[in-house]
Amino acid sequence: MNNDNLDLFVLTLYIIGITYTFNRMVDSIGDRIKVECDARKTITEQLKRQNLEDKLEISFSLKGIYPIDEPDTLFMNVKNKSENLAIYVDWDNSSIAGIDQRSRRVIRKSPDLVRDLAVPQIPSLIVPGRTLKESVTAEDVFKRDKETGTYSPALPIANIPGLQKGGKLQKKQYMDFMSGKIDFEFSLDLVLRIAEATYGVNQGTNIPLVCIVNCPFKIKKLPWTYALPWNRKK
């Protein structure tokens, strides 16, 4: 083998080695998604239409970037900015719509072990000037442990990996999402009951007795390049 052929052989092996290492590096990064909630634009506008923008504030604590099989919980803040209103969060009448737009019952995560999902949830009261901080999820996210008899979140709220087990349409949606052609959405419809603090939940003046706020979330598939140091700082 002459020197030219040897150099070409070595170069070929080098390129193959670099390509293999690069592909392994990309595979090790894992699939990541970005979850966004434009609370300022959507939620604030809804509160304004119901004359509640100066009395109520709703926000969510999101990490932004998640593995594709997360998040299984939303961290929510509801602030009562009024001086004389009692705000109740009605958990059992609130709902979470998944990426298939199917409505699911909201479950407020308790610090205690969950043993029965069918138990009615007591509305949470937010007195004037206070903020309610809760973790919520959808009922069908929970899975029962056969040994302990308790429930814990085991699926993502937006079950994108589950599309692979669906029909032809679901599988196509999954492929389109993974290739970045489409985004997904899910939403939390929060039911609030508002009353004069001195009269209780059955009274109310100048404001709606029941307020429904739609909190939409958008999910985008991130390309592997998100993991590059100069991109992760953005």
| task | Return the pairs, sorted by first residue and then second, in which the second residue is assigned to a loop (DSSP other than H, G, I, E, B) and modelled with pLDDT under 90, the first residue lies in the range 164-182 and is under 17 Å from Lys218 (Cβ atoms) and open to solvent by less than 90 Å² (accessible area, probe 1.4 Å), the beta carbons are less than 7 Å apart, and the residues are 6+ apart or on different chains. | result | Gly180/Pro223
| said: Here are the criteria: (1) outside any loop (DSSP other than H, G, I, E, B); (2) crowded, with 17+ Cβ neighbours inside 10 Å. Tell me which single one Ser82 does not satisfy. | reply: (1)
| remark: Going through the range 150-179 in order, the residues found to be within 24 Å of Leu74 (Cα to Cα) and part of a loop (DSSP other than H, G, I, E, B) are Thr150, Ala154, Leu155, Pro156, Ile157, Ala158, Asn159, Ile160
| query | Tell me, which residue of the range 59-74 that is among the charged types (D, E, K, R) and over 30 Å from Val127 (Cα atoms) is most open to solvent (accessible area, probe 1.4 Å)? | reply | Asp69
| Residue that is nearest to Pro67 (Cα to Cα) [pool: residues in the range 137-162 that are free of Cβ contacts under 8 Å to residues at least 12 places away in the same chain and not basic (Lys, Arg)] | Gly162
| query | Looking at the range 123-133, which of its residues are assigned to a strand (DSSP E or B), in contact with a Phe, Trp or Tyr (Cβ under 8 Å, 6 or more places away or on another chain) and either surrounded by 13 or more Cβ atoms within 10 Å (Cβ to Cβ) or among the β-branched types (Val, Ile, Thr) (or both)? | reply | Ser124, Leu125, Ile126
| field | Verdict on Asn51 being assigned to a loop (DSSP other than H, G, I, E, B) and either open to solvent by less than 60 Å² (accessible area, probe 1.4 Å) or more than 15 Å from Ile219 (Cα to Cα) (or both) | value | yes
| Among (1) at pLDDT 85 or above; (2) under 20 Å from the mean Cα position of the chain (by Cα), the one test that Tyr226 misses | (1)
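Residues are listed down the side, and each one gets a yes or a no for (1) more than 17 Å from the chain's Cα centre (by Cα); (2) crowded, with 17+ Cβ neighbours inside 10 Å; (3) part of a loop (DSSP other than H, G, I, E, B); (4) at pLDDT 90 or above:
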site: Leu47; (1), (2), (3), (4): yes, yes, no, yes
site: Glu57; (1), (2), (3), (4): yes, yes, no, yes
site: Met76; (1), (2), (3), (4): no, yes, no, yes
site: Asp112; (1), (2), (3), (4): yes, no, yes, no
site: Gln121; (1), (2), (3), (4): yes, yes, yes, yes
site: Glu147; (1), (2), (3), (4): yes, no, yes, no
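The values are calculated or read from the model by the stated rules, or taken from the named source; none is laboratory data. Worth saying up front: this structure is predicted, and the values here are computed from it rather than measured. Note that we place each Cβ from the backbone using ideal geometry, even for glycine, and neighbour counts take in every protein chain shown. Just the protein is used for accessible areas: all its heavy atoms, side chains included, with ligands, DNA and RNA removed. Shrake-Rupley method; radii C 1.70, N 1.55, O 1.52, S 1.80 Å.
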